[in-house]
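The values are calculated or read from the model by the stated rules, or taken from the named source; none is laboratory data. These numbers were taken from a predicted model, which means no experiment stands behind them. Heads up, the Cβs are rebuilt from the backbone with ideal geometry, glycines too, and the neighbour counts pull from every protein chain shown.
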Amino acid sequence: MKTHTLYDGDSHRWLMFGRDPNKPEKIIDTNQYMVITKDNALLMDPGGIELFSAMLTTVIKQVPVDKITHIFASHQDPDIISSLGLWDQALQDATLHSPWIWESFIRHFGMQNINFNAIADEGGSLTLDDVKLVFIPAHYLHSSGNFNVFDPQTGILMSGDIGAAIEADDAPMFVDDFESHIPRMKLFHQRWMPSNEAKNDWVERVRELDVKMLCPQHGRIFKGDDVGRFLDWFEGLEVGLTGARLRQ
Amino acid sequence: MAAHTYSYFVVAAVIAARLEKATRIARHLSITASNARALAFRAGEGASGFRPLTDYIHRLADLTVSSSSRINHLASELSRTAAEKERAERALRHFVDVGERAKDSPFIDSLQPVFERTSQRQCVLRDAYNSQIKLLTSELDTLEGELRAAGVLATMSRVEALQADGVYQQALNNVADNVESVTASIKKHIQSSQTLVQQLTQELS
């Protein structure tokens, strides 16, 4: 699994893990993210059970296991958090931050040691050492209880499935040509995202943030002007489509 | 079922399921015992020899129900422990894999306490699993022994039925048949569970 540094500052680092060439076939490629501060690390959407060994191998090249004090699961999907039962055996005093509506569902993955912090619908924040991270509501995009993580200091937004694209496992890390990237993400957003109202509300709120990098859980990262391009495109896209309208 | 092809935690779940069935069937024996008592009462002097037998049927029913419920509970616990043990073993396999793949990692030492903690938990679960198997084996053997008396009871019931008036004879024979078939059915589940438990015991050694 590859590691890519998105930000390396005095107070913290942002890392992205993904593009695993040894990933089992027929499971979707996923991007995992980690914020490392002085004494803590937050692992975001740590992935499915099939990725656990590769993830832990990659992570301990960056931090000791006991430094992973926080996990974030944007929602309840298996590619997001089905590895929880194994992280639960690996981490002794960690806290999982996830939407409140999924607590009793997520616990089915196995959670005896890790604490659960239920994020309220309105969102919340987490301070790791001196670094404040904000949980941005992104409900119905696609999951009915769903959050992004925003770092106001760096402008990095971990956007979960928003901005996701389905493409080859060895795809580049960053979007380099927005127009040519659209076909890779259009169907995913139209089919997976159920609500135009929720989508437009999210776009409006995210426009007010100073997002410099938009980091989805699948596919490439948007940076610089491509963030604005994505927000414009997403705002104009009709979602919640099925059948013939989806294939148009 | 070629049970040997299944993992131990699946076998443990199969045992729990079979013993749950045995518990349900054992409840039928209670109904049979109540019917037999009512029937012997109605038959009056014509079935006076049958009446004491109904007490034995009742006792057998109570014993079978309580014993099979206890065994069923033990089997469910065994199944839970087996699943937890498998989880710990799976985590250990992952940690070993990570240990090999990340041996040059600067933080590889941080994996050692994780490995030790999980190994310790796996040992605790293995010990619990072993003693649960032993207890289950002994309870199954005891119940099987108790059910042996049911065959004698059915034969005695038939002999006493012969003494009863014609109208009750068939009904009392039905009671004897019920005792025989219900206990045979329970025995079948107990014996197949014993075979599966034996398989788990062999895997331990």
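In the list B:T201, B:T195, which residue meets the criterion of being of a type in the set (S, T, Y), within 25 Å of the chain's Cα centre (by Cα) and loosely packed, with under 14 Cβ neighbours inside 10 Å?
Details: B:T201 fails: loosely packed, with under 14 Cβ neighbours inside 10 Å.
Among B:T201, B:T195, only B:T195 is of a type in the set (S, T, Y), within 25 Å of the chain's Cα centre (by Cα) and loosely packed, with under 14 Cβ neighbours inside 10 Å.
Listed here are the helices (runs of 4 or more DSSP H) enclosed by segment A:21-123 that have at least 3 residues being more than 17 Å from A:D161 (Cα to Cα): A:52-59, A:84-90, A:103-106.
Restricting segment A:66-76 to residues that are modelled with pLDDT of 95 or more and not small (G, A, S), which is farthest from the chain's Cα centre (by Cα)?
Looking only at segment A:66-76, we keep the residues that are modelled with pLDDT of 95 or more, and these are A:67-76.
Restricting the remaining residues to those that are not small (G, A, S) gives A:67-72, A:75-76.
On the way: A:K67: 20, A:I68: 17, A:T69: 18, A:H70: 14, A:I71: 11, A:F72: 9, A:H75: 9, A:Q76: 12 Å.
Once the filter is applied, the top-ranked residue is A:K67.
Consider segment A:62-83 and keep the residues that are touching a strand residue (DSSP E or B) at 6+ places or on another chain (Cβ under 7 Å) and within 14 Å of another protein chain (Cβ to nearest Cβ). The one that is surrounded by the most Cβ atoms within 10 Å (Cβ to Cβ) is A:I68. Test B:S66 against the stated conditions and say whether it is closer than 24 Å to B:I186 by Cα, without any contact (Cβ under 8 Å) to a residue 40 or more places away in the chain and part of a helix (DSSP H, G or I). So B:S66 fits the description; yes. Has segment A:167-184 got at least one residue that is in contact with a helix residue (DSSP H, G or I) (Cβ under 8 Å, 6 or more places away or on another chain), at pLDDT below 95 and acidic (D, E)? Within segment A:167-184, one or more residues are in contact with a helix residue (DSSP H, G or I) (Cβ under 8 Å, 6 or more places away or on another chain), at pLDDT below 95 and acidic (D, E). Determine if segment B:108-128 includes at least one residue that is among the hydroxyl-bearing types (S, T, Y), within 14 Å of another protein chain (Cβ to nearest Cβ) and in contact with a Phe, Trp or Tyr (Cβ under 8 Å, 6 or more places away or on another chain). Yes, there is a match, as at least one residue in segment B:108-128 is among the hydroxyl-bearing types (S, T, Y), within 14 Å of another protein chain (Cβ to nearest Cβ) and in contact with a Phe, Trp or Tyr (Cβ under 8 Å, 6 or more places away or on another chain). Which ones in segment A:84-111 are away from every other protein chain (no Cβ under 14 Å) and in contact with a strand residue (DSSP E or B) (Cβ under 7 Å, 6 or more places away or on another chain)? Residues satisfying the conditions are A:T95, A:L96, A:H97, A:S98, A:P99, A:W100, A:E103, A:I106. Taking each residue of segment A:212-228 that is over 19 Å from A:D45 (Cβ atoms) and modelled with pLDDT under 95 and looking for partners that are among the hydrophobic types (A, V, I, L, M, F, W, C) and part of a strand (DSSP E or B) with beta-carbon atoms closer than 6 Å, six or more apart or interchain, yields nothing.
Of the residues making up segment A:208-248, those that are surrounded by 14 or more Cβ atoms within 10 Å (Cβ to Cβ), charged (D, E, K, R) and out of contact with any Gly (no Cβ under 7 Å at 6 or more places or on another chain) number 5.
So that you can scan it fast, the table gives a plain yes or no per residue for (1) out of contact with any Pro (no Cβ under 7 Å at 6 or more places or on another chain); (2) without any contact (Cβ under 8 Å) to a residue 24 or more places away in the chain; (3) not aliphatic (A, V, I, L, M):
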| position | (1), (2), (3) |
| --- | --- |
| B:R101 | yes, yes, yes |
| B:L111 | yes, yes, no |
| B:V114 | yes, yes, no |
| B:S119 | yes, no, yes |
| B:Q122 | yes, no, yes |
| B:L140 | yes, no, no |
| B:Q163 | yes, no, yes |
| B:D177 | yes, yes, yes |
| B:L204 | yes, no, no |
